[in-house]
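Participant: For reference, the structure I am asking about is given below.
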Amino acid sequence: MQIRTRLTVQFSLLVSSILLVTFLAIYYFSYENLTQDFYDRLRSKANSTAGLLDGPVVSPDVIRALEGSNTDRIYNQIILIFDEQNRLIYTNSNTKTIHVSRYWLDEVRKAGEIRYTDGDSKVVGLYTNFPFTRAVVLMGAQDKVGEVNLINLLQLLTASFIIVTIIVTFAGWIFAKRALRPISKVMNEVEGILPQNLHTRLDVPNQKDEIGRLITTFNNLLERIETAFQMQKIFVANVSHELKNPLTKIRSQLEVSILKERSQTEYQFTIRSVLEDIQELAQLSNTLLELAKVSEDQGDLLTETVRLDELLLDSRQMLIESNNSYNINVDFDDLPEDDTWLEIAGNSTLLKTAFLNLMDNACKFSDDQSVSVVLKCSANDIQLTFSDQGKGIPEKDQNLVFQPFYRSENTANIRGYGIGLSLVDRIVRLHGGTIIIKSNHPKGTTFILNF
């Protein structure tokens, strides 16, 4: 069901329910009022008739004549008067009657006045005092006028309910269309946004209402999608470029080798060169795979309890073994007495990759090929700093170095792909940590990791 239809149905049901309750209340109170009014008229009529019998000069025939001339029309009225011995001493009709029992007569004497229904007739019973005796007066009649009025009222209320419900449904359909018009406009504009025009943004008519906030959310989403597309294009372009260089070198060397016969030494030199290029390709592929591995929110990778001090020592040992010219200083002077402060939930392989990249970058870009690593921790967080004495990272580039394949101008003469820091950033964020860059003076850079 469409939102417009659902809103119309809900609005119509709400208004119709209120109308129904209101009309039922009107009918109920009208019925009660007419019924009480009719009983009051019967009571007054019974008192008047009983009052005419209060004396020897008025005969029953005269009473009947007076009742016939009464302008207060009460249809099919029956008057019965009984003495203390339950004998009928007066009636206005010999053909029409109401059911009378000793029970009802006793109830009238006990209560003084009762009201009840006998078939189509409403009956009022009164206990009246005469000069020489007491009598029970029963007055019954049919409320034809009240019944007609109730039928007319019911027809009027039913017709009004149907008409108002139709009007409300139509009005709800119109107003729902007007209320949803901005959403329809947004849908049409969003459908027109293609990958070729992701720079398009939706107009926000009013930022304070729900529609304005929805459009603002769409614009923010479009901005993130556009950024993701741009990064994807840059990533593909950079990957293509990085793969093209070693492949071109391999192809060129092989083509030159087959132009003419060469010595065994020359062939071995070419093969070693090609192997180096293949190794470079393999390293680039492995780095890209590691980058893709932590590109998503994969919390299921964090299955270990890792001690960061031990992991730093393992990374230091591994890097020194592969590059014995590196000088890696690790400062553990501020370790806590509680070893559990050094533990986090994570993935030791990924964290080791991050530490190796930071140490390797620091040594590679430092003139003395050295890095200083400091570990500090408390009950709430752990901080690691990696400081070098290299050329430093310009402030304008500090927000860009975590993007894949980005390389600063002062690193153009040093071999690399520009993937390491991007990989480090994603690994740290996967572990719920943060990484910031701080420039050292007069030279050098410090990377600060907080977990």
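The values are calculated or read from the model by the stated rules, or taken from the named source; none is laboratory data. As the structure is a prediction and not an experimental result, all values here were calculated from the model. Ideal geometry is used to build each Cβ from the backbone, glycine not excepted, and the neighbour counts take in all protein chains shown.
Participant: Can you work out which of the residues in the range 394-424 that are surrounded by 20 or more Cβ atoms within 10 Å (Cβ to Cβ) and within 14 Å of I448 (Cα to Cα) is modelled with the highest pLDDT?
Facilitator: Of the range 394-424, the ones surrounded by 20 or more Cβ atoms within 10 Å (Cβ to Cβ) are 401, 404, 419-424.
With the extra rule that they be within 14 Å of I448 (Cα to Cα), the set shrinks to 421, 424.
Values: L421: 78, V424: 83.
Result: V424.
Participant: Within the range 96-115, count every residue that is in a loop (DSSP other than H, G, I, E, B) and surrounded by 12 or more Cβ atoms within 10 Å (Cβ to Cβ).
Facilitator: First pass over the range 96-115, keeping only residues in a loop (DSSP other than H, G, I, E, B): 96-101, 112.
So of that shortlist, the ones also surrounded by 12 or more Cβ atoms within 10 Å (Cβ to Cβ) come out as 96-98, 100.
Qualifying residue count for the region: 4.
Participant: Still on this structure, I have one more. Restricting to the range 317-331, what's the tally of residues that are under 16 Å from L384 (Cβ atoms), surrounded by 12 or more Cβ atoms within 10 Å (Cβ to Cβ) and either out of contact with any Leu (no Cβ under 9 Å at 6 or more places or on another chain) or of a type in the set (A, V, I, L, M) (or both)?
Facilitator: Taking the range 317-331 first, the residues under 16 Å from L384 (Cβ atoms) are 319, 328-331.
Narrowing further to those that are surrounded by 12 or more Cβ atoms within 10 Å (Cβ to Cβ): 319, 328, 330-331.
Now restrict to residues that are either out of contact with any Leu (no Cβ under 9 Å at 6 or more places or on another chain) or of a type in the set (A, V, I, L, M) (or both): 319, 328, 330.
Here the count works out to 3.
Participant: For N197, all conditions in the list (1) assigned by TED's automatic domain parsing to the domain that holds I79; (2) surrounded by fewer than 16 Cβ atoms within 10 Å (Cβ to Cβ) hold save one; what is the number of the exception?
Facilitator: The single condition N197 does not satisfy is (1).
Participant: Pairs, please: C-beta under 8 Å, at least 6 apart or cross-chain, first residue under 14 Å from L384 (Cβ atoms) and in the range 332-348, second in a loop (DSSP other than H, G, I, E, B)?
Facilitator: From the range 332-348, the pairs are W341/S378; W341/A379; L342/L335; L342/P336; I344/H431; I344/F451; G346/L302; G346/H431.
Participant: Moving on. Could you list, in sequence order, all residues of the range 183-208 that are at pLDDT below 75 and part of a helix (DSSP H, G or I)?
Facilitator: P195, Q196, N197
Participant: Name, by its number, the condition in (1) outside the structural domain of R115 (by TED's automatic domain parsing); (2) at pLDDT 75 or above; (3) charged (D, E, K, R) that does not hold for K233.
Facilitator: Result: K233 passes all but (2).
Participant: So which of A171, A179, A159 ends up being free of Cβ contacts under 8 Å to residues at least 40 places away in the same chain, closer than 25 Å to I18 by Cα and surrounded by 13 or more Cβ atoms within 10 Å (Cβ to Cβ)? Full working, then the answer.
Facilitator: On the way: A179 fails: free of Cβ contacts under 8 Å to residues at least 40 places away in the same chain; A159 fails: surrounded by 13 or more Cβ atoms within 10 Å (Cβ to Cβ).
Selected residue: A171, the only one of A171, A179, A159 that is free of Cβ contacts under 8 Å to residues at least 40 places away in the same chain, closer than 25 Å to I18 by Cα and surrounded by 13 or more Cβ atoms within 10 Å (Cβ to Cβ).
Participant: On the given criteria, is R64 of a type outside the set (A, V, I, L, M) and at pLDDT 85 or above? First the steps, then the outcome.
Facilitator: On the way: of a type outside the set (A, V, I, L, M): yes; at pLDDT 85 or above: no.
When the stated conditions are applied, R64 does not pass them.
Participant: Another one. So how many residues does the range 116-142 have that are over 60 Å from the mean Cα position of the chain (by Cα), more than 22 Å from G51 (Cβ to Cβ) and surrounded by fewer than 16 Cβ atoms within 10 Å (Cβ to Cβ)?
Facilitator: Taking the range 116-142 as the starting set, the residues that turn out to be over 60 Å from the mean Cα position of the chain (by Cα) are 118, 121, 123-142.
After this cut, where a residue has to be more than 22 Å from G51 (Cβ to Cβ) as well, the list is 118, 121, 142.
Checking the rest, the ones that are also surrounded by fewer than 16 Cβ atoms within 10 Å (Cβ to Cβ) come to 118.
Of the residues in the range 116-142, 1 are over 60 Å from the mean Cα position of the chain (by Cα), more than 22 Å from G51 (Cβ to Cβ) and surrounded by fewer than 16 Cβ atoms within 10 Å (Cβ to Cβ).
Participant: Which condition number in (1) in the same structural domain as V108 (by TED's automatic domain parsing); (2) surrounded by 16 or more Cβ atoms within 10 Å (Cβ to Cβ) is the one that V145 fails?
Facilitator: Only one criterion is unmet by V145, namely (2).
Participant: Taking the range 425-448 as the region of interest, how many residues are assigned to a helix (DSSP H, G or I) and of a type in the set (A, V, I, L, M)? It would help to see each step written out before you state the result.
Facilitator: Taking the range 425-448 and keeping what is assigned to a helix (DSSP H, G or I), we get 425-430.
Among the residues that remain, those that are also of a type in the set (A, V, I, L, M) are: 427-428, 430.
Qualifying residue count for the region: 3.
Participant: Let me ask you something else. What number of residues within the range 302-345 are outside any helix (DSSP H, G or I), under 39 Å from the mean Cα position of the chain (by Cα) and over 20 Å from F447 (Cα atoms)? I'd like the intermediate steps shown before the answer.
Facilitator: Kept after step one, since they are outside any helix (DSSP H, G or I), are these residues of the range 302-345: 302-307, 323-338, 343-345.
Next, from what is left, pick out any that are under 39 Å from the mean Cα position of the chain (by Cα): 302-306, 343-345.
Checking the rest, the ones that are also over 20 Å from F447 (Cα atoms) come to 302-306, 343, 345.
Residues that pass the stated criteria total 7.
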